[in-house]
1. Could you list all residues from segment 137-162 that are under 10 Å from residue 13 (Cα atoms) and at pLDDT 85 or above?
2. Go through segment 58-78 and report how many residues are under 18 Å from residue 32 (Cα atoms) and at pLDDT 80 or above.
3. Kindly evaluate residue 113 against the criterion of being exposed (fewer than 12 other Cβ atoms within 10 Å of the Cβ) and modelled with pLDDT of 85 or more.
4. Has segment 84-102 got at least one residue that is in a helix (DSSP H, G or I), under 27 Å from the mean Cα position of the chain (by Cα) and either on the phi > 0 side of the Ramachandran plot or loosely packed, with under 12 Cβ neighbours inside 10 Å (or both)?
5. Restricting the search to segment 26-42, which residues are over 24 Å from residue 95 (Cα atoms) and at pLDDT 75 or above?
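The values are calculated or read from the model by the stated rules, or taken from the named source; none is laboratory data. Keep in mind that what you see is a predicted model, and the values were worked out from it rather than measured. Cβ placement follows ideal geometry from the backbone for every residue including glycine, while neighbour counts extend to all protein chains displayed.
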């Protein structure tokens, strides 16, 4: 009876705790609201980030989670002038007909610079997995503590014959 009770309490705690830990650790690993992803036509896109053609800098239409997406080069919290500045920078870099890896980095650096200067409350902060990590760690610790308590009790009962 003790084993069934232990399994019905501990296993779900450990499983749910592990799931929260995995989700929390992977949160924020994808592109954020101010990330430009340079890709080729036909590539899959994620739920966030602006997907641009790697050679021309033009917004891409791509299929990803949630269906069909079109990049717009409109960044949250940016003014019209700041968005236009990013577009002009891309146009200037693409004048020679091809964007290099250094151009890609330059565009991302310009966007990061503008985003860093946004007033508090207008900048979209990347999602943090901290809360999920704490919940997962707590559930896992409770599960392990209960498991060790049940194991200790089971071992004690075996020695005393109960």
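1. Correct list: 138, 139, 140, 141, 142, 143, 144.
2. Number satisfying all stated conditions: 8.
3. yes
4. Yes, segment 84-102 contains a residue that is in a helix (DSSP H, G or I), under 27 Å from the mean Cα position of the chain (by Cα) and either on the phi > 0 side of the Ramachandran plot or loosely packed, with under 12 Cβ neighbours inside 10 Å (or both).
5. Residue satisfying the conditions is 33 alone.
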